[in-house]
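Participant: Questions regarding the structure given below will be posed in turn.
The values are calculated or read from the model by the stated rules, or taken from the named source; none is laboratory data. This structure is a prediction, so every number in the text was calculated from the model and none was measured. Each accessible area value is taken on the protein alone, full model and side chains, heavy atoms only, with ligands, DNA and RNA left out. Shrake-Rupley method; radii C 1.70, N 1.55, O 1.52, S 1.80 Å.
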Amino acid sequence: MTTHGHDAEVPRPAADRVPEPAGGGEPACLLHLVCPDCGRLADERGARSCSRCGTPLPHSGP
């Protein structure tokens, strides 16, 4: 077993790192863009229905 005599910071694995907020991009939750019937993710941001099966997408606004 190896011991270190100093308090060096050990790099955290990538999965443990919290990403910094970035400007722009997609919202954190895309659930409103997932078809409740077939599970397809909408191709465009303002889609109102699924492009695969035609099911109305869940409402995303107030």
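Participant: Looking at this structure, is residue 28 open to solvent by less than 100 Å² (accessible area, probe 1.4 Å), assigned to a loop (DSSP other than H, G, I, E, B), at pLDDT below 85 and among the small types (Gly, Ala, Ser)? Please lay out each step first, then the result.
Facilitator: Working: open to solvent by less than 100 Å² (accessible area, probe 1.4 Å): no; assigned to a loop (DSSP other than H, G, I, E, B): yes; at pLDDT below 85: yes; among the small types (Gly, Ala, Ser): yes.
Spelling it out, it is not the case that residue 28 is open to solvent by less than 100 Å² (accessible area, probe 1.4 Å), assigned to a loop (DSSP other than H, G, I, E, B), at pLDDT below 85 and among the small types (Gly, Ala, Ser).
Participant: Here's another thing I want to ask about it. Residue 7 - would you say it is part of a loop (DSSP other than H, G, I, E, B), open to solvent by 100 Å² or more (accessible area, probe 1.4 Å), at pLDDT 60 or above and among the acidic types (Asp, Glu)? Full working, then the answer.
Facilitator: Values: part of a loop (DSSP other than H, G, I, E, B): yes; open to solvent by 100 Å² or more (accessible area, probe 1.4 Å): yes; at pLDDT 60 or above: no; among the acidic types (Asp, Glu): yes.
No: the conditions fail for residue 7.
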